[in-house]
Amino acid sequence: MNSKITIPIVIAISVIVTAGIMFSIGFDNQPQITQTPQTEIIYVDKSVSEYFEGTNNVKKISSQEELKNILETSSSFGGNFYDNRMMKSMAVEESVMFDSAASAGVPVPSVSSMPSDGASKTESGGSEYSTTNVQVENVDEPDYLKNDSKYVYIVSQNTLSIIDAYPAESAKLILKIALDIESQYIQNMFLNDDRLVIFYNGQSDDEIIPQYDFVPTRSYSSVTHALIVDVSDKEHPTILKDYSIDGYFMDARMIGDYAYFVTNSNIDYQYPRLPIIMEDSVRIMTPDAFYFDNVEQFSNFNTLTAINIFGDKINSESFLMGYSGTFYVSEDNFYLTYQQDMPFGFYENSAQDRFFDVVVPLLPNNIQEQIKAIKNDFSISSSAQWMKISELMQKSYNQMDKNDKEELFEKIREALNEYDVKIQEDTRKTIIHKISIDEDKIEYIAKGSVPGRLLNQFSMDENGDRFRVATTTEYYIQHQGTVRSNAVYILDEELNIVGGLDEIAPEESIFSARFMGDRLYLVTFEQIDPFFVIDLSSDTPKILGELKIPGFSNYLHPYDEEHVIGFGRDTKEIENGRVQQLGIKIALFNVADVSNPKVTDDIIVGDSSTYSEALNNHKAFFFDKKSGVLSIPISGDSKGLDVISSAKKFAPDYNRWSGFYVFDLNSSDGFNLKGTITHSAEDSGYYGMSNARTFYIEDVLYTASEGYLKMNSLDRLEEINSIKLENTGKFIDYIGEEDVRESIPDEQ
């Protein structure tokens, strides 16, 4: 690969936009142009090396030296120039980073062997129980609380609690231990049979010499630990594996016996290194690393790791790209997305480019020819060229009829707006990477992009061989301001756009989305809540129906094929066209007649002081179709909660209240408040509801908060039992040598 691309890069820019001054002043009856000396924009041609040919293909990084060269070239895209001598004197040895003993995708010898016949003390639990509210069936999502039909496992701060929860009458806390790690807030865990996978963030500890210094200093970077814990003996859990992967924990999924998780590590351009994986402080592999052949400034390594929690298999791959934000995971594919960050100056969207590419072609032909001649006169500076061009244009304007001149200016405005919009659309895209997953097999499939930004994971969906994405696009247009619109795009298996629908609810933003089979339910918002039903049965999406009601939905949850639950806030319009947010609003949408969606029923809880974690975290939302039970965590001023007449008798008589509102919900009658479950009390202080969860085992409804796990009858909500989780005043047992096979280091 010896071919090279020459790309103009801005390395110095200090400029007043000349063309902008001319038209902001000149768009009147008597245009007057004031000449001001300008600092020139200097473009320097940087020859891109063989690492970047513009194919957009994924390429493997074969060595540490190649990584340094790739980053050195990439840094020039953004005007960040580093001393080449410094790049070549980095303290990471290639022989350490690349060796044949740690190849990806093969079983790695374990420091601690798996137990063959662990004596399980698990008694029989309930035959029916609920688990974490997830987006995709059979794809589990991590949470701080997990349960099976009998036991509840909770990680909080640096502790692990195990509760024997069924039967509820005899429920008790059987273990609370503190993990020997840095004090932090653990909140991500999986449960699979008698295995827990607990994720937490630690730090690596290296020595580096800062730029232009001579004394080595400590350098700390994020490391994600994945602990595999055997909990078959509930009173004596055993740590089987302690994997550590470079980077900060981003997200994870569990499919079958495999946990897949993404870590994100910032690139240190001075001391770059490839991510590594360690087990019990011993390096076991360096994942294969890849970059993308496109002109983009790389900022992070995103590492996808797969581990078999019942065996020794581990595989991992790292991708040099932008900062990953939102993920979507099906049973077969892992989609990593991020907002494109194009290097400054790549599109040269300066006044100079706008003028010669857009304005000049619209001027009279004789003026165009004279401007081209001036531009091609290299004997004078660019500032002198502009003086001559502006004088020529001024003379031409003065000779024009007033109407002709105004018509010309209007054409120029429109053309500049189109140009600016195109540039902004090109630079404000969501990049999507598709990676195939099959147990420990990880294979990069394709890269695609769509205009706009994603709201969250529910903005994406895989259906057969199609990937669907809903986005909001925002950009600024001179003389018009911010323009906003929404769209849905259909992508094929190679992530090529094969269809779409744009200009959905102009001037609004997507507040919630839910893909269900061949339909997309979409809520946008500015002042009222348009609820859209969109047909996705073909590659040509179309709006089937629309409903406008006050308020907005932050989360949409399936009820059945003809009903969707919306959860958000009520609103009202106030003076000056502003919108005031009110209480929590829950609505049941009837979409049986897709052309005419309706609200079967809705209910409002509290006032503007009322909050629910379910507004921002779908794991806090609980609905069981079989029993018809809907449980929502609520916290707010008790007076505000009193405003709902149907809830008045349940309202507490002290100032601040936290707990759960529990409803009966069916498609014909709508919402019926069963009652409330209080989690804060005057005698125990106020506990927040940031970790509010609901689940059931048999006929018992379990509600969890930072302070309590409460058990109430599913039928009448009568309290059966309650376990205090925090501030119990008791000692916390620490894991001792007799309890674990390997200790938990807090550093690599």
Item to check | Matching residues in the range 155-180 - criterion: being in contact with a strand residue (DSSP E or B) (Cβ under 6 Å, 6 or more places away or on another chain), farther than 14 Å from Lys710 by Cα and of a type in the set (A, V, I, L, M, F, W, C) | outcome: Val155, Leu160, Ile162, Ile174, Leu175, Ile177, Ala178
Checklist entry - Considering Gly545, Gly551, which residue is without any contact (Cβ under 8 Å) to a residue 60 or more places away in the chain, in contact with a Phe, Trp or Tyr (Cβ under 9 Å, 6 or more places away or on another chain) and crowded, with 17+ Cβ neighbours inside 10 Å? => result Gly551
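Okay, residues lined up against (1) more than 26 Å from Asn691 (Cβ to Cβ); (2) more than 27 Å from the chain's Cα centre (by Cα); (3) β-branched (Val, Ile, Thr):
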{"site": "Gly577", "(1), (2), (3)": "yes, yes, no"}
{"site": "His618", "(1), (2), (3)": "no, no, no"}
{"site": "Phe623", "(1), (2), (3)": "no, no, no"}
{"site": "Val629", "(1), (2), (3)": "no, yes, yes"}
Next on the checklist: Tally up the residues in the range 382-417 that are touching a residue at least 60 places away in the same chain (Cβ under 8 Å) and closer than 23 Å to Asn486 by Cα, please.
Outcome noted: 2
Next on the checklist: Show me the helices (runs of 4 or more DSSP H) found entirely inside the range 310-429 where at least 3 residues are modelled with pLDDT under 90, farther than 27 Å from Val469 by Cα and within 48 Å of the chain's Cα centre (by Cα).
Outcome noted: 351-354, 382-398, 402-427
Checklist entry - Across the range 573-608, which residue is surrounded by the fewest Cβ atoms within 10 Å (Cβ to Cβ) among those that are outside any loop (DSSP other than H, G, I, E, B) and among the polar types (S, T, N, Q)? => result Asn576
Checklist entry - Among all residue pairs at least 6 apart or on different chains, which show Cβ distances below 8 Å where the first residue, located in the range 51-73, is in the same structural domain as Phe290 (by TED's automatic domain parsing) and the second is small (Gly, Ala, Ser) and at pLDDT 85 or above? => result Lys60/Ala289; Ile61/Ala289; Leu67/Ala289
Checklist entry - Name the residues in the range 510-527 that are under 20 Å from Thr473 (Cα atoms) and crowded, with 17+ Cβ neighbours inside 10 Å, would you? => result Ile510, Phe511, Ser512, Ala513, Arg514, Phe515, Leu520, Tyr521, Leu522, Val523, Thr524, Phe525
Checklist entry - Based on what the data block shows, is Ser537 at pLDDT 95 or above, surrounded by 22 or more Cβ atoms within 10 Å (Cβ to Cβ) and either aromatic (Phe, Trp, Tyr) or closer than 24 Å to Gln457 by Cα (or both)? => result no
Checklist entry - Of the residues in the range 208-234, how many are more than 32 Å from the chain's Cα centre (by Cα), modelled with pLDDT of 60 or more, surrounded by 12 or more Cβ atoms within 10 Å (Cβ to Cβ) and farther than 22 Å from Phe310 by Cβ? => result 1
Checklist outcome for this item: Lys447 passes all but one of the listed conditions (1) outside any helix (DSSP H, G or I); (2) more than 30 Å from Tyr258 (Cα to Cα); the exception is number (2)
Next on the checklist: Taking the condition of being in a strand (DSSP E or B) and either in contact with a Ser or Thr (Cβ under 7 Å, 6 or more places away or on another chain) or of a type in the set (Val, Ile, Thr) (or both), how many residues in the range 525-544 meet it?
Outcome noted: 7
Item to check | The one condition in (1) modelled with pLDDT of 90 or more; (2) surrounded by fewer than 22 Cβ atoms within 10 Å (Cβ to Cβ) that Ile277 fails to fulfil | outcome: (2)
Item to check | Candidates Leu547, Leu522 - the one that is aliphatic (A, V, I, L, M), in a strand (DSSP E or B) and under 21 Å from the mean Cα position of the chain (by Cα) | outcome: Leu522
Checklist outcome for this item: Within the range 282-299, residues touching a strand residue (DSSP E or B) at 6+ places or on another chain (Cβ under 8 Å) and either at pLDDT below 85 or assigned to a loop (DSSP other than H, G, I, E, B) (or both) come out as Thr286, Pro287, Asp293, Val295, Glu296, Phe298, Ser299
Checklist outcome for this item: Residues in the range 456-484 that are part of a loop (DSSP other than H, G, I, E, B) and touching a residue at least 60 places away in the same chain (Cβ under 8 Å) total 4
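Okay, residues lined up against (1) farther than 19 Å from Tyr323 by Cα; (2) in contact with a Cys (Cβ under 7 Å, 6 or more places away or on another chain); (3) surrounded by 15 or more Cβ atoms within 10 Å (Cβ to Cβ):
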residue	(1), (2), (3)
Met460	no, no, yes
Gly464	yes, no, no
Arg468	yes, no, yes
Glu508	yes, no, yes
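The values are calculated or read from the model by the stated rules, or taken from the named source; none is laboratory data. Since we're looking at a predicted model, the values are computed, not measured. Note that each Cβ is placed from the backbone with ideal geometry, even for glycine, and that neighbours are counted across all protein chains shown.
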